[in-house]
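Each remark here refers to the structure printed beneath this line.
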Amino acid sequence: GGKLYVVVEKDRELRLVCLDPSKVDAATRHPELVWSQPLGSPNVPMPQDTLRRIQGIQLAYSDNVLVVPTNAGAVLGIDLLSHSIVWARSYRLAQQANVGNPNQPIGGRIRPFPNANMNMNLNADRWRTSTPIISSGKVVFTAYDANSVMCLSLRDGEILWEATRSSDDLYIAGIYDNKV
């Protein structure tokens, strides 16, 4: 629809912002802010999260749902008509025991981010950045700090399948003939 969608973090709060590049303020030369949606608060601030601060957030869109990775332990589905969170899925839940429900409201807001590990090894093998891929109502997703590739339902974020990352897996290149 001619809009730009960007994830920003300020004062430990992640937000999805919608910008209109056709309407630029003459004084600031910034595009107009159309709307903003809070996504949650990571447990570790960006400056202290060595790995998260060097990862780009790549968004994907289909069927009026914007898929928003956070690089902080969760991926979210945002309804662009209502500007609301449709679902939030922790990709670390399957890898951590005794972690609560990722959709559990905290203080009236969704806070989908599990504990971040600030001491992650920078030299460890891990996923390379790749955009979530949407195909046939499914989202195939990896995260640099996850140990698996996940297939989620675009409609509700439910895990359809998950496969553990092998040491020689680097990224998702695509989907062809229903194979990742």
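Data overview
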{"item": "Karplus 3J(HN,Hα) series, Hz, for region 133-140 with 6.51 cos²θ - 1.76 cosθ + 1.60 (x for Gly, Pro)", "result": "10, 10, 8, 6, x, 10, 10, 9"}
{"item": "Using a Förster distance of 30 Å, the FRET efficiency for GLU13-SER136 (Cβ separation, nearest 0.05)", "result": "0.35"}
{"item": "Spatial extent of region 1-80: Rg and Dmax, with the Cα atoms as the point set, Å", "result": "13.6, 38"}
{"item": "Set of lysines with alpha-carbon distance to LYS23 below 25 Å, sequence-local pairs under 8 removed", "result": "LYS3, LYS10"}
{"item": "All lysines inside 28 Å of LYS179 as judged from Cα atoms, apart from same-chain residues fewer than 8 positions distant", "result": "LYS138"}
{"item": "FRET E, pair ASP177, HIS83, Förster distance 35 Å, beta-carbon r, rounded to 0.05", "result": "0.45"}
{"item": "Solvent-accessible surface ranking, highest first, for LYS10, LYS3 at 1.4 angstrom", "result": "LYS10, LYS3"}
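The values are calculated or read from the model by the stated rules, or taken from the named source; none is laboratory data. Here the structure is a predicted model, which means the values were calculated and not measured. Neighbour counts are summed over all protein chains in view; Cβ atoms, including those assigned to glycine, are modelled from backbone coordinates with ideal geometry. Each accessible area value is taken on the protein alone, full model and side chains, heavy atoms only, with ligands, DNA and RNA left out. Shrake-Rupley method; radii C 1.70, N 1.55, O 1.52, S 1.80 Å.
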